[in-house]
Every structure is written in structure tokens, then in C-alpha cells.
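Undergrad: Would you mind keeping the following structure in view while I ask a few things?
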Amino acid sequence: MKPELTIYLAAPRGFCAGVDRAIKVVELAIEKWGAPVFVRHEIVHNKYVVDGLRDIGAVFVESLADCPDDRPVVFSAHGVAKSVPQAAKRRNMLYVDATCPLVSKVHMEAERHHRDGLQMIMIGHKGHPETIGTMGQLPEGAVLLVETVEDVARVQPDNPARIAFITQTTLSVDDAADIIAALKARFPAIIGPRKEDICYATTNRQAAVRQIAPKIDALLVIGAPNSSNSRRLVEVGEKSGCAYAQLVERAVNIDWRALESAQAIGITAGASAPEVLIEEVLDAFRERYTLRVEIVETATENISFKVPRILREPA
């Protein structure tokens, strides 16, 4: 007889509107112009999604230099530095920008502050494509990066009275709040965003994890190791009291021995993980346990973003 197990399934989880839109952009580009369509960087950070798009004709590259002039290129949901579309224009390339509109909002914010003569401080993860793309909206040196509260003590703006901050959209809400508090304490004149930069999907998924954390012995986050928002969900679980929190790409990655004594397990998924992978994980649990699945919903999401006009027009 199978042991009994309760699974608390977080909602919202998985795909957000920006990811959904980015995947549609690649699919519609292939539909409109045929294969291959080149995609600069993984369209979203999920191997299953990337492999599926590769199967229908997407070619993923890390640099525009790897793209031919005569095929369309799509820029990933994470956004790109200003120099990338400029280079594409110089080569007369056909390009489609799949940058998440909420990331584009941060780009515009940074440009507005720069025009007003303010130096920018960005709270983000060094080397993450979104951070590179956002900092690349402004000239070299116009954006200073801080990753931790400790970095705030070290950062040296040109004029502390003339600065503003922006954040990566996929940060831990709690960590970002601590860094923002440190910035405001050190630089009382600093200007922040009119509305928080951390996107609704990141905030909602983290809130759902906080809600289920007290009920569970272990947390599984379905997502890719290079997905910032998925990794933050693991951290939120740990900080909220989960004794065990694991990031898994697929059901095959589950460490069953670590879950042996668990009576209740929480499951969520990062914003770039499709529902099919969540079902795959649930099926793997059904094979081993008699399951009771309880959905814990903390917010309802009904946001959608239009694809770029070029893909809505006939070929």
C-alpha cells in the first residue's frame, strides 16, 4: 500500500504573461517567416521550452555575430542592451523584440532618470541577462550595480544628492526591501520607482510560497538552475521555515530519499516553467504515494501582453 502524502500546490505558479508572450513571439515568427528563426539568448530560462522551440525551427545563439543577415532574429524576454538593436539595424536585419513589457518599463525608467541628470543605482544580479540589458540602456558608468546590503556601504555615486534606483524584476521581494532600506538610509535624497520594479508574477509566486511554508516539510520548486525567479523561490521557502527546499528541472531530478519522512510537500514553479512539467512532477508523486492535493491560491492573475505589431500584420 502506498504511503499517504499531502501536496500543497501554490497558485499562482509557472508561466507569467511576459514568458507566455515571448514564447508566442518565437512561434509566430517561425509561422510568419519560416525556419530558421534565430533567438539571441534563451528566449526564457527553461530547457524544456527552449528544446520545444528548437524542434520547430528556432536557433538559439548568444551573440548577434552568430546570426546571418538574411534571417529574422528575436531578442529574449530578459531584454538587451541598446547596442544590440543598433547593431541589427546597421546590418539591415529583421528583428523582433520579445523583451517583457515589465522589463521595458524599467528600461524607460532608467532613461527618464538619466535625462533628468540622475545617476542610476541598479539592484540586481551581476551577469544576469536582464541586468546586462538594463544597464546597457545607458552609457558606460551611468549605472552602478549593487547586489547586497554590503554593496550599498561600498557604492560611490558621483553626487549622492542626484541618484535614483531601479531593480531587476525577478529579485526576492524581502532581499530587495532590505537593500532599498539601506540605500535610503545612506542616501536620503535617492529617488525610487513610482511603482515597484519587481514584477507582479515574482511577487505573487513568492507570496504563495510564504503562505504554504508553515504547512509543509519540504518545498519543490520546478524551474531551471539559471532562472533567477525560480532560485529566489527556493530562498523564500528556506527563509520562511522550510526545512528542505529543492529546485528541480524535471521529475527525474527529484531527490526522493530527501523526501522520505515528509508528510506534506509544497510544490510551485518559476515563471518560465510550463504547467506540463508541474503535471509531470505530480504524476511522479502519484506513482509513489496516495496523494491529497490542496491548491493554495493567494492571487488571481489575468494579465496578458500583446505580441509586437510586426507579428500581428499579415506576411
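The values are calculated or read from the model by the stated rules, or taken from the named source; none is laboratory data. All values reported here derive from a predicted model rather than from experimental measurement. When we count neighbours, we look across all protein chains shown, and the Cβ atoms used for this are built from the backbone with ideal geometry, even at glycine.
Undergrad: Which residue, of ALA65, ALA77, ALA88, ALA58, is closer than 23 Å to GLU130 by Cβ, surrounded by 19 or more Cβ atoms within 10 Å (Cβ to Cβ) and over 23 Å from the mean Cα position of the chain (by Cα)? Let's see the steps before the verdict.
TA: Details: ALA65 fails: surrounded by 19 or more Cβ atoms within 10 Å (Cβ to Cβ); ALA77 fails: over 23 Å from the mean Cα position of the chain (by Cα); ALA58 fails: over 23 Å from the mean Cα position of the chain (by Cα).
So the residue among ALA65, ALA77, ALA88, ALA58 that is closer than 23 Å to GLU130 by Cβ, surrounded by 19 or more Cβ atoms within 10 Å (Cβ to Cβ) and over 23 Å from the mean Cα position of the chain (by Cα) is ALA88.
Undergrad: Go through the residues of region 289-298 one by one and say whether even a single one is surrounded by fewer than 15 Cβ atoms within 10 Å (Cβ to Cβ), modelled with pLDDT under 95 and outside any helix (DSSP H, G or I).
TA: No, region 289-298 has no match at all.
Undergrad: With SER172, SER104 as the choices, which residue is modelled with pLDDT of 95 or more and hydroxyl-bearing (Ser, Thr, Tyr)? Give the derivation first.
TA: Details: SER172 fails: modelled with pLDDT of 95 or more.
From the options SER172, SER104, the qualifying one is SER104.
Undergrad: In the set ASP66, ASP70, which member is touching a strand residue (DSSP E or B) at 6+ places or on another chain (Cβ under 8 Å) and farther than 28 Å from CYS16 by Cα? Write out each step before concluding.
TA: Values: ASP70 fails: touching a strand residue (DSSP E or B) at 6+ places or on another chain (Cβ under 8 Å).
Of the residues listed, the single one that is touching a strand residue (DSSP E or B) at 6+ places or on another chain (Cβ under 8 Å) and farther than 28 Å from CYS16 by Cα is ASP66.
Undergrad: Any residue in region 106-119 that is in the same structural domain as ILE166 (by TED's automatic domain parsing) sitting within a Cβ distance under 9 Å of a residue that is in a strand (DSSP E or B) and hydroxyl-bearing (Ser, Thr, Tyr)? List the pairs, counting only those 6 or more apart or interchain.
TA: VAL106/THR167
Undergrad: Across region 91-119, which residue is surrounded by the most Cβ atoms within 10 Å (Cβ to Cβ) among those that are of a type in the set (Val, Ile, Thr) and in a helix (DSSP H, G or I)?
TA: Residues of region 91-119 that are of a type in the set (Val, Ile, Thr), as a first pass: 96, 99, 103, 106.
From what is left, the residues that are in a helix (DSSP H, G or I) are 103, 106.
On the way: VAL103: 22, VAL106: 25.
Per the criteria, the residue is VAL106.
Undergrad: Give the residues of region 239-253 that are within 22 Å of VAL173 (Cα to Cα) and in a loop (DSSP other than H, G, I, E, B), sorted by residue number.
TA: SER240, GLY241, CYS242, ALA243, TYR244 - these are the residues of region 239-253 that are within 22 Å of VAL173 (Cα to Cα) and in a loop (DSSP other than H, G, I, E, B).
Undergrad: Being closer than 20 Å to VAL50 by Cβ and not in a helix (DSSP H, G or I) narrows it down to one residue among VAL276, VAL307; which is it? Steps first, answer last, please.
TA: Details: VAL276 fails: not in a helix (DSSP H, G or I).
Residue meeting the stated conditions: VAL307.
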